[in-house]
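The values are calculated or read from the model by the stated rules, or taken from the named source; none is laboratory data. Just so it is clear, the model here is predicted, and its values are computed rather than measured. Note: ideal-geometry Cβ built from the backbone for every residue, glycine included; neighbour counts use all protein chains shown. Protein only, heavy atoms only, side chains kept; ligands, DNA and RNA dropped before computing areas. Shrake-Rupley method; radii C 1.70, N 1.55, O 1.52, S 1.80 Å.
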2 protein chains.
Amino acid sequence: MAEKITPRDEDYAQWYVDIVLKARLADYSPVKGCMVIRPRGFALWERMQDIIDSMFKATGHSNAYFPLLIPESFIRKEAEHIEGFSPELAIVTHAGGEKLEEPLVLRPTSETIIWAMYKKWIQSYRDLPILINQWANVLRWEKRTRLFLRTTEFLWQEGHTAHATSEEAVEETLKMLNVYRTFAEEYLALPVISGRKSEQEKFAGAVDTYAIEAMMQDRRALQAGTSHFLGQNFAKAFDVTYQTANGDLDYVWATSWGVSTRLVGALIMAHSDDRGLVVPPRVAPTEAVIVPIFKNDTKERVLAYAREIGGTLGDFRVEIDTDEQNSPGWKFAEWELLGVPVRIEIGPRDVDAGKVVLVRRDTGEKTTVPRNNVPATVKSLLQEIQKSLYEKAKTFREENTRVIGEYGELKEFFDGPGGFAVCSWCGNGECETKVKDETKATIRILQDPTPEGRCVVCGNAAQANAVFAKAY
Amino acid sequence: MAEKITPRDEDYAQWYVDIVLKARLADYSPVKGCMVIRPRGFALWERMQDIIDSMFKATGHSNAYFPLLIPESFIRKEAEHIEGFSPELAIVTHAGGEKLEEPLVLRPTSETIIWAMYKKWIQSYRDLPILINQWANVLRWEKRTRLFLRTTEFLWQEGHTAHATSEEAVEETLKMLNVYRTFAEEYLALPVISGRKSEQEKFAGAVDTYAIEAMMQDRRALQAGTSHFLGQNFAKAFDVTYQTANGDLDYVWATSWGVSTRLVGALIMAHSDDRGLVVPPRVAPTEAVIVPIFKNDTKERVLAYAREIGGTLGDFRVEIDTDEQNSPGWKFAEWELLGVPVRIEIGPRDVDAGKVVLVRRDTGEKTTVPRNNVPATVKSLLQEIQKSLYEKAKTFREENTRVIGEYGELKEFFDGPGGFAVCSWCGNGECETKVKDETKATIRILQDPTPEGRCVVCGNAAQANAVFAKAY
């Protein structure tokens, strides 16, 4: 509708909400914290699903579906799990007109119900590995919500694998982390850092959690995907053992990993500008839009030419805007708001000259191209946009990442615009908590320690480099 | 596992359950009435989703996502709707550690939440039509459940469209019914009859419900898809008006339509036999399986040849069974249980002769084919199987459909093996109820009346031909 969007500089949070609502990606629902994903937002998620799902299948995983409703007692079987999820549970107490004997929880994640089933399916090493993924809705009763980034109900995929050895499970954990990294970087044009989480930040029930983290335009971190090595925690909670090749009995090893509709939020925040949404071509539902510009006397000629050009672009996802109500200027602004990577403008003079005008969404740059060159130019423009969005985001992240050795400097860094602070850390939760309390920054991921490094807080010998940031 | 399946003649219901469990399509879950869809069952649903989703997009629909949780008061806004769904609702009363102010219902269907949103999105005729579909889980607290066919939670798609005129909405209703018919017949090889439902059988909140109905091998009817003309019922309940081109205000016209994971049950029941699952090739996740037969000394040669044959079948969905634990006989039985349409057997002598043996799952017929002919023969076999499954099901339905004019004969028909009984019907609910009470058969669909027809129950002038059947 070409409505005004709040500029980023003025109010970053409002800018984000404006884009989501005005580009019709999502809307608030009557139930607090739940959102409606509108067709233009859902099309982004569908593109992501298609790509990620192929990557899962290429790495040997199959999809399945487990029930939404989980007996409350299941959630309690793994001590850390219940501690972490208990405050966020939504509970069904009545159904079919009667009070239930045992309340049922709406899944906040499916480890418990899945491991209850794996107990039935796993007897011997020949039943392993199990490599299952599920696309589903999950519910976590969040106090503060934000469209796409944190909602009470969200859509996600959750992989749940079962293995005969610890090594194999760790390998799977890292393999899927790498699938997420590849997807984020090559498709979403989202440069990420990846690594292990601290004890405080890990998944409730995991031995180790690994994550990919991206920097948004306000310099905050956004966790874009997690992969957990669960050890034998859930196998023990649900008594899932298997007979090894030697005939011994052992508990099964597990992983789980997920990405959610939060990625749509990440995509919006990472690349968009004050004119609206900017979408990397590889995940754009529409890669190019043809906007014919005509009056009554030129309509037929221009439209015929536009369709002809459209016909030469069969290799791309293309829309033609045949609307006759709005002015060209209005339409250009509208397609910019909607984030289509390339706009193809065609007026009567272009028809006469056998040309078209191509406009890049990211830079606004215009090129006039003879008709025969349109497919080749569109192709190279899409590649350039994809690359350039990634490079721009990467440069921004690098410019806003600082290695910090002094606690005073760390505090100053987060009093200012902030970003990613790479600091030596002793591994002690108290130092981590102190930083969190005094700067609101948390450890996003851990990396290998700098030799001879000293903890930025207490000065003790460092166990790791911690990347601190304020996070979504 | 090549386990024994209960024969259809012995116990049809158990035969069905045996196939579902032994072909690892689904499993019972710890929550009563909910099922787990295992990878082999989910792969069938995924194939169906892919195809149906393309058909929706080809008819101009987009996907979106609406919340699972619906305020209880919404469900009460349409009088018939609440009456129909109230006994089946599951209700969330607590979340985030607190009692909710208003209980939330887990969607049994989404008309109410969607029309609450359409009120926000529709102002003028220019906002119409809205053509949205949603893939989602829904919950209906059923007393008696049966894997795939009737479960407390199931997966489905629900289309919800909004139109400026009654004519357009009726056209949409029938268009989507036709999409379902095409999908059932051309992909599932499931011949269906279609038509309007009686008042008693229609969707709670609809003006008219249309359905496609298929006959299973036990001669019962299975409703495989429904399409509803909702009139202005939901627009009135949620006060959704629009400004017409003339500047008047009118309520918006609506449709909704859906198919569910029940289709997987229909597929299993319609075509399978006492050896296991039979899947029509067009929806089979694996169209052909290559089973190499070797001993230690022939292993390398046979496997290399099998891979070579596999390499020539790039146009098909093919698996190679490289398992070395089980005997050829065991494997053949296993692949029959799993329902793969074509089995390609390759032994050392086939390698020497440059041939393979092709076996049809539906008939067990074997053909020996020279290697160069494998792709062409597989292609024609798959086409023949698809056609033959459809023809067989159609012949069976025709043989078990009877036009009945006398009430005594109708009762006798349903005391016996039953089937579809086509009878003149006066349109009176009392006659319908009498048939239901005395034969357990219900009206599946209504067709045009036979001229001069007289109601099979009361003898009054017929308003329609009713197709009666016992139904799932």
Matching option when the condition is in contact (Cβ under 8 Å) with a residue 24 or more places away in the chain and either out of contact with any Lys or Arg (no Cβ under 9 Å at 6 or more places or on another chain) or surrounded by 24 or more Cβ atoms within 10 Å (Cβ to Cβ) (or both), among A:LEU188, A:LEU149: A:LEU188
In segment B:24-63, anything in contact with a Phe, Trp or Tyr (Cβ under 9 Å, 6 or more places away or on another chain), open to solvent by 20 Å² or more (accessible area, probe 1.4 Å), within 30 Å of A:GLU319 (Cβ to Cβ) and facing another protein chain (nearest Cβ under 7 Å) is listed as B:SER62
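Looking only at segment A:329-343, decide whether some residue is in a helix (DSSP H, G or I), open to solvent by less than 60 Å² (accessible area, probe 1.4 Å), among the acidic types (Asp, Glu) and within 30 Å of A:LEU21 (Cα to Cα).
yes
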Restricting attention to segment B:250-288, report how many residues are open to solvent by less than 10 Å² (accessible area, probe 1.4 Å), within 26 Å of B:LEU382 (Cα to Cα), among the polar types (S, T, N, Q) and touching a strand residue (DSSP E or B) at 6+ places or on another chain (Cβ under 8 Å). 1
Is there a residue in segment B:58-75 that is of a type in the set (Phe, Trp, Tyr) and under 22 Å from the mean Cα position of the chain (by Cα)? yes
Check on B:GLU167, out of contact with any Leu (no Cβ under 9 Å at 6 or more places or on another chain), within 10 Å of chain A (Cβ to nearest Cβ) and surrounded by fewer than 24 Cβ atoms within 10 Å (Cβ to Cβ): no
Go through segment A:430-472 residue by residue and tally those that are within 27 Å of A:THR395 (Cα to Cα) and part of a strand (DSSP E or B). 13
Look through segment A:118-146, keep the residues that are within 11 Å of chain B (Cβ to nearest Cβ), free of Cβ contacts under 8 Å to residues at least 60 places away in the same chain and closer than 15 Å to A:ALA254 by Cα, and return whichever of them is surrounded by the fewest Cβ atoms within 10 Å (Cβ to Cβ). A:TRP121
Leading residue by the ranking (nearest to A:GLU72 (Cα to Cα)) among those in segment B:29-75 that are in a strand (DSSP E or B) and in contact (Cβ under 8 Å) with a residue 60 or more places away in the chain: B:MET35
All but one of (1) in the same structural domain as A:ARG317 (by TED's automatic domain parsing); (2) surrounded by 14 or more Cβ atoms within 10 Å (Cβ to Cβ) hold for A:GLY453; which doesn't? (1)
Is it the case, given these coordinates, that B:GLU98 is over 20 Å from the mean Cα position of the chain (by Cα) and open to solvent by 40 Å² or more (accessible area, probe 1.4 Å)? yes
Provide a single number: the residues in segment B:344-382 that are in contact (Cβ under 8 Å) with a residue 40 or more places away in the chain and either open to solvent by 60 Å² or more (accessible area, probe 1.4 Å) or under 28 Å from the mean Cα position of the chain (by Cα) (or both). 7
Within segment A:106-117, restricting to residues that are within 10 Å of another protein chain (Cβ to nearest Cβ) and of a type in the set (A, V, I, L, M, F, W, C), the one that is most open to solvent (accessible area, probe 1.4 Å) is A:ALA116
Restrict the check to segment B:414-429 and report whether at least one residue is in a helix (DSSP H, G or I) and loosely packed, with under 14 Cβ neighbours inside 10 Å. yes
